[in-house]
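Notes follow once the structure below has been shown.
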């Protein structure tokens, strides 16, 4: 009888340990294998550590089964908290499509969405989060409604164009739907803001280019953070391990829906002269080198894969410094 009891206790302990490992500990084991880029030449505390994720796609009131919703959100919450605990970033960027049904929700449903997002991706007070809007948050350009854009801006302090200076690095956060290139109010405001930031950056780089008063920051080429990728015909040139599989990789992009138009991309590059660009939207990874000989600049563009298990079996994030 005692031997049976002992075996039963071992079985129970084994099951409990397996559950704890698979549902909690495994996230820390996997995330611990990630690391920040090599920074031997930099002094700790003087460089910015950024945790970048995209396309969390929290399910809303209309799509998906409640069990699927709970499961995916639990997985993302555990993975997110493991990154925060183990790697202690200075800032978190979320590159759009926080929600899966944001554009269709009423005010109460949207507030529930926001509360859920902050509960799942809770941060200590010393780590700030910045987000950009995605098409699932407010709708594609042709479906935009004033109130859906405004409430996203109000809840997340995420204007269509935002200029941040963090530890000397310049970040330009942009609403991709505001780069459609027509004369809508949102697009005109975004264009005006980008022109204003461009003037300030030119002034910081060269005092002789100052159109108005002096700026109070040092110049360095900015980093663009947005939801859509820059203009490209497809993902055919993407060869990263997390790039889209074939034949999906060769599927032609619908411009202004799958990627920015060529005109909007050229406008951004000429005005901001970025040193890097980060985006999401495709749910897959990609790293592309862009060269603009007329501007004498080149930079890397990174597409950040989705953070959600609903979108890919190997969700990803980026640690950048």
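Readers should treat all values here as calculations from the given coordinates under stated rules, not as data from a laboratory. On a predicted model such as this, the values are computed, not experimentally measured, just so you know. Ideal geometry is used to build each Cβ from the backbone, glycine not excepted, and the neighbour counts take in all protein chains shown.
Neighbouring Cβ atoms within 10 Å as the yardstick, rank 282, 105, 265, 5 fewest first. Display every interim value, and only then the final one.
Details: 282 25, 105 18, 265 21, 5 9.
The most exposed by this proxy come first: 5, 105, 265, 282.
Counting other beta carbons within 10 Å of each residue's own, what order do 101, 248 fall into, fewest first? Each step should come with its number before you reach the end.
Values: 101 19, 248 12.
Sorted ascending by nearby Cβ count, the order is 248, 101.
Taking only DSSP H segments of four or more residues, each worth -39500 (n - 2.57), what value at 222 nm results for the chain once the sum is divided by all its residues, to the nearest 500 deg cm²/dmol?
Details: 8 runs with 108 residues, N = 321.
Counting only the DSSP helices, I get -11000 deg cm²/dmol.
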Percentage relative contact order, region 1-142, counting C-alpha pairs under 8 Å, at least six apart
28
Working from Cα positions, state the angle (0 to 90°, nearest 10) between the long axis of helix 2-20 and the longest principal axis of the chain.
10
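For 267, 74, 307, 171, what ranking results if the residue with the fewest other Cβ atoms within 10 Å of its Cβ goes first? Intermediate results must be reported in sequence, preceding the final value.
Numbers: 267 18, 74 13, 307 27, 171 21.
Going from sparsest to densest Cβ surroundings: 74, 267, 171, 307.
Between residue 33 and residue 90, what is 0.36 nm times their sequence separation minus the Cα-Cα distance? Round to one decimal in nm. Walk me through the numbers on the way to the answer.
Values: separation 57, 0.36 × 57 = 20.52 nm, distance 1.93 nm.
Going from the current span to full extension adds 18.6 nm.
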Most fluctuating of 46, 226, 162 in the GNM of the chain (C-alpha, under 10 Å) is 46
Folded to 0 to 90 degrees: helix 107-120 orientation relative to the chain principal axis, Cα
70
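How much length is gained if the chain between residue 300 and residue 266 is pulled fully straight, taking 0.36 nm per residue apart and subtracting their Cα-Cα distance, in nm to one decimal?
Details: separation 34, 0.36 × 34 = 12.24 nm, distance 1.51 nm.
Taking residue 300 through residue 266 to full extension adds about 10.7 nm, to one decimal.
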In whole angstrom, note down how far apart the Cα centers of region 68-124 and region 187-266 are.
25
What FRET efficiency, computed as 1/(1 + (r/R0)^6) with R0 = 45 Å and r the Cβ-Cβ distance, is obtained for residue 237 and residue 13, rounded to the nearest 0.05?
0.30
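Assuming R0 = 41 Å, what is the FRET efficiency of residue 67 and residue 275, from their Cβ-Cβ distance, to the nearest 0.05? Please list the in-between numbers first.
Details: r = 44 Å, r/R0 = 1.07.
The computed FRET efficiency comes out at 0.40.
On full extension of the chain, what length is gained from residue 257 through residue 292, given 0.36 nm per residue of separation minus the C-alpha to C-alpha distance? Spell out each step's value before the answer.
On the way: separation 35, 0.36 × 35 = 12.60 nm, distance 2.40 nm.
Computed gain between residue 257 and residue 292 is 10.2 nm.
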FRET efficiency estimate (nearest 0.05) - Cβ-Cβ, residue 127 to residue 165, R0 22 angstrom:
0.80
